[in-house]
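Student: My questions all concern the structure below.
Any read-out appearing in this document is the output of simple, stated calculations on the displayed coordinates, not a laboratory observation. Everything quoted here is computed from the prediction, not taken from an experiment. Here the Cβ positions follow ideal geometry from the backbone for every residue, glycine too, while neighbour counts run over all protein chains shown.
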Amino acid sequence: MDKQKFAFDKTNFILLGIGMAVVILGFILMTGPASTETAFEPDIFSTRRIKVAPAVCFLGFISMIYAILRKPKAKK
């Protein structure tokens, strides 16, 4: 097949996969024990869950947008 017909090249897919992994990591960082009706869990307000994890997700989404918008270099 002619490679010029594809919108993405191998690098685009690698960057997209890395961005997706970073987003998943951000969601994993958001997890933790939950508060119940009988017990309050102060960890829901931890820095990791309300500042670090959303920033990691944001960076992952930005890198995915870059991977989609990146134009493959034309081969001569």
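Student: Scan segment 55-76 for residues that are surrounded by 14 or more Cβ atoms within 10 Å (Cβ to Cβ) and either more than 10 Å from the chain's Cα centre (by Cα) or aromatic (F, W, Y) (or both) and jot them down. Don't jump to the end; show me each part of the working.
Tutor: First, the residues of segment 55-76 that are surrounded by 14 or more Cβ atoms within 10 Å (Cβ to Cβ): 56-57, 59-61, 63-64, 67, 70, 72.
Selection gives F61, A67, R70, P72.
Student: Going through segment 28-71 one residue at a time, which ones are in a loop (DSSP other than H, G, I, E, B), out of contact with any Ser or Thr (no Cβ under 8 Å at 6 or more places or on another chain) and within 27 Å of K10 (Cβ to Cβ)?
Tutor: Quick first cut of segment 28-71, residues in a loop (DSSP other than H, G, I, E, B) only: 31-41, 46, 70-71.
The next check asks that each one be out of contact with any Ser or Thr (no Cβ under 8 Å at 6 or more places or on another chain); those that pass are 31, 33-40, 46, 71.
Residue satisfying the conditions is K71 alone.
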